[in-house]
Amino acid sequence: MIHTSSYWQQHFEQNLTEQRVDWSIEPNLMHVERNDILYSLKAWQLGETSDGSHLLVAANKYANKIGDKNYVDAVKLFIKEEQKHGNNLGKYIDLIGEKRLKKDWGDTLFRKIRYMNKSMELWTIAVIIVESAAQVFYEALHDATDCELLQSICRDIIIDEAHHIKFQNERMFIIFQNKGFYNKAFSLGWYSILFFGTIHAIWFGHGTALKAGGVNKSEFMRRMYYKFFKTIKFLHSAEKVAPNLVVV
């Protein structure tokens, strides 16, 4: 089922009230764990702190075009959840006595690419790819440490990311249905190029942390290809659209 923007707005509003992280737990990160995961932990924390202003510009333009004001409200709440992840990770970094990153090459690269993008279609597929990688990363981060507090933060993010990917996949389906046969084929080529470049950049930057959580390069690529092909399959085989949702 392809859900309405109103449905997702209500979902995010409810989900933001959930408190899954127990901050009464004392952080306990071993020295060897710090060596393996600290850089990536800080880099992903930085990446989760975007204000989403460029995404909102694209969302507003798209929503005005299709006449769906609730979509912008849903995107705002989606951004708020991402910022919650950044706040939780930042709080954890503070608690273990480390300094947060203010700049990172990967974050700078992705932000520059995002800032040049005005297309809701490219925003959506890019978010799907990065959120899929986030699932794999935070699962690995969870398994790379015995710190219960960090593990609970990771579990909270993993739960949220599953809904984020569904939200974005459904929007991608709606956008994709407006395309003709040749335009769809051309778009799939661009999606694949973006996917290929992104996953290799992520592995290059965070392979050490992923390996610490038991995910080697071949396993990371396997999981990412599985998730990507699952999205592509969804674009071609999604179930019927909700009665009150106009596909435009």
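Taken together, the values in this text are just the output of simple stated rules run on the coordinates, not laboratory data. Fair warning: this is a prediction, and the values are worked out from it, not measured in the lab. Glycine also receives a Cβ, built like all others from the backbone with ideal geometry; neighbour counts cover every protein chain displayed.
Each pair of Cα atoms in the chain enters the Kirkwood radius, and Stokes-Einstein at 20 °C and 1.002 mPa s then converts it into a translational diffusion coefficient of 114 µm²/s. Just checking the listed ones, Thr124, Thr231, Thr17: in the Gaussian network model of the chain with Cα springs under 10 Å, the one fluctuating most is Thr17. Distances longer than 14 Å among the Cα atoms of region 120-160: what percent of all pairs is that? The share of Cα pairs beyond 14 Å in region 120-160 comes to 50 percent.
State which entries of Lys103/Lys184; Lys42/Lys179; Lys69/Lys91; Lys179/Lys211; Lys65/Lys184; Lys99/Lys233 exceed 30 angstrom in Cα-Cα distance in the structure shown. Result: Lys103/Lys184; Lys42/Lys179; Lys69/Lys91; Lys179/Lys211; Lys99/Lys233 exceed 30 Å.
Rg over Rh of region 115-217, using C-alpha atoms and the Kirkwood radius, what does it come to? Expressed as Rg/Rh, it is 1.05.
Remark: Met120, Met1 ranked as Met1, Met120, counting other beta-carbon atoms within 10 Å and listing the fewest first. The packing ranking, built from the mean of other Cβ atoms within 10 Å per residue, places the peptides 182-191, 140-149 in the order 140-149, 182-191, highest first. Across the chain, C-alpha contacts under 8 Å between residues 6 or more apart give a mean separation that, scaled by the residue count, equals a relative contact order of 31 percent. Each 5 Å bin from zero holds the following percent of Cα-Cα pairs in region 64-145: 3, 10, 14, 24, 22, 13, 8, 4, 2, 1.
All C-alpha pair distances within region 19-92, sorted into 5 Å bins from zero, spread as 3, 14, 18, 16, 15, 10, 9, 7, 4, 3, 0 percent across the bins. Determine the sum of side-chain charges near Ala144: Lys and Arg each +1, Asp and Glu each -1, restricted to other residues whose C-beta is under 10 angstrom from that of Ala144. In short, -4.
Of interest is the spacing of the C-alpha centroids, which for region 147-226 and region 35-110 amounts to 16 Å.
Calculated on C-alpha atoms, the gyration radius of region 60-196 divided by its Kirkwood radius gives an Rg/Rh of 1.01.
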